[in-house]
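Data first, discussion second: the structure below is written as structure tokens.
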Amino acid sequence: MKQPFLEVEAGENMEEEEEETLESPVTLRDQISNLRTMAWEAYKRKQISHWILLVLSSAAMLIAFPASSLLSRVYYANGGTSKWIISWVSVAGWPLTALILLPTYFFCKTSPTPLNLKLTASYIMLGFLSAADNLMYAYAYAYLPASTASLLASASLIFSALFGYVIVKNKVNASMINAIVIITAAMTIIALDSDSDRYGNITDRQYIMGFIWDILGSALHGLIFALSELVFVKLLGRRSFHVVLEQQVMVSLFAFLFTTIGVIANKDFQGMKSEAKTFEGGAASYYQVLIWGAITFQLGVLGGTAVLFLASTVLAGVLNAIRVPLTSIAAVILLHDPMSGFKILSMIITFWGFASYIYGSSSVSKVSSL
């Protein structure tokens, strides 16, 4: 006869305990402890080699990409004039990626992805767009400080989100829209501060053209990113490490061929000897800038590809966000770029925009995984 009463009483006690649990606040110490536990569990799930590769890949993104940007500006600051040469340097290091790709077939026991007409045509198209994109950025670095050019290039995030939504049907949430508005505001601030953000030998028209080419290059970069994702979705159907490297090699190869045609047509290979003679620091410095420019750019690409495969697009976005202020700060220290209050404000706002976008991307990923 007493059993129902006992069940009711036990139920009331459980409800009271649940209310106490809900009312008890989560302290900062608890949050830190949870994060440490999650990090340790994630660490134990992977082998030590995984984390070593991830650290090296992250370092490649954070060091190689800024170094490549600075070397492009060093080329122009020390007497270089050819936009085609800098475009060519960006893709001349494609054999490095091929050298990384070849061993994966043996170690991973996989075979090359067979080429068909659609896949080959997509690689040719992406290669042509990449060649055009590199040329646009070359004009930007010819006329803009490296710190400004890198900040403007962060606008590619806006176009990646927009083209991804239109072409690949990626989801967009409020945080990502907020990021687009914030980064657009940062670009506007730089435009308003053009008077204090210019080298003495750059005319008003050249500065404006550099600004325009940088934005157009960012838009094209966003389009290339969306089309590359579409190739994976529609034609490849998988995203393993060696498949990502294959796409990078093929696109870089065709971009290299298109850019080489442009260099030959513009007769810039013949002009390299005279350019090297007048280059500040001599011919040796001239060729070192070009060689290291090619190497650092490819290392950055490899690092980004590896981070996407080993971790996630969110981590790649975080590293890309950190790369922007790193490039700007390095340009101010090493190249004595002008750094006004407006540019500092723009850099902070850009970083804020990246953070908002990363948060939005992680939220979309969580919803998709449910």
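Values quoted throughout were computed directly from the atomic coordinates according to the rules given, and no laboratory measurement underlies them. This structure is a prediction, so every number in the text was calculated from the model and none was measured. A quick note on method: Cβ atoms are made from the backbone with ideal geometry, for glycine too, and the neighbour counts reach across all protein chains shown.
Taking Cα pairs under 8 Å and at least six residues apart, what relative contact order does region 57-206 come out at, in percent?
Once normalised by length, the contact order is 28 percent.
Set Lys and Arg Cβ to +1 and Asp and Glu Cβ to -1, take the dipole of region 135-211 about its Cα centre, and tell me which of V172, L152, I202 lies farthest positive.
It is V172.
Report the extension gain between N266 and L235 in nm, rounded to one decimal, defined as 0.36 nm multiplied by the number of residues separating them, less their alpha carbon distance.
Extra length available between N266 and L235 comes to 7.6 nm.
With every atom except the alpha carbons ignored, what do you get for Rg and Dmax of region 163-316, in angstroms?
In Å, with Rg to one decimal and Dmax whole: 19.7, 54.
So for each of 257-263, 100-106, 113-119 I average, over its residues, the number of other beta carbons within 10 Å; can you give me the resulting order with the highest mean first? Numbers along the way, then the final one.
Details: 257-263: 18.3, 100-106: 13.7, 113-119: 11.3.
Listed from highest to lowest mean packing, they are 257-263, 100-106, 113-119.
Given a cut-off of 23 Å, what percent of all Cα-Cα pairs of region 131-230 lie beyond it?
29 percent
Let me check the size of region 69-208 from its C-alpha atoms; what are the radius of gyration and Dmax in Å?
Cα radius of gyration and Dmax of region 69-208 are 19.3, 57 Å respectively.
What is the extension gain from I348 to L56, computed as 0.36 nm multiplied by their sequence separation minus the C-alpha to C-alpha distance, in nm to one decimal?
102.4 nm
Stick to Cα atoms and the Kirkwood definition of Rh, then tell me Rg/Rh for region 77-144.
Here the Rg-to-Rh quotient is 1.13.
Please report the net charge: other residues with Cβ closer than 13 Å to the Cβ of G271, K and R +1, D and E -1.
Values: positive: K83, K267, K273, K277; negative: D268, E275.
Once positives and negatives cancel, what remains is +2.
Roughly speaking, what is the stretch gain from T203 to H336, that is 0.36 nm per residue apart minus the C-alpha to C-alpha distance, in nm to one decimal?
Values: separation 133, 0.36 × 133 = 47.88 nm, distance 1.90 nm.
Length gained, T203 through H336: 46.0 nm.
When the gyration tensor of region 213-279 is built from Cα positions, what are the square roots of 5 times its three eigenvalues, in whole Å, from largest to smallest?
Ellipsoid semi-axes (Å, largest first): 33, 15, 10.
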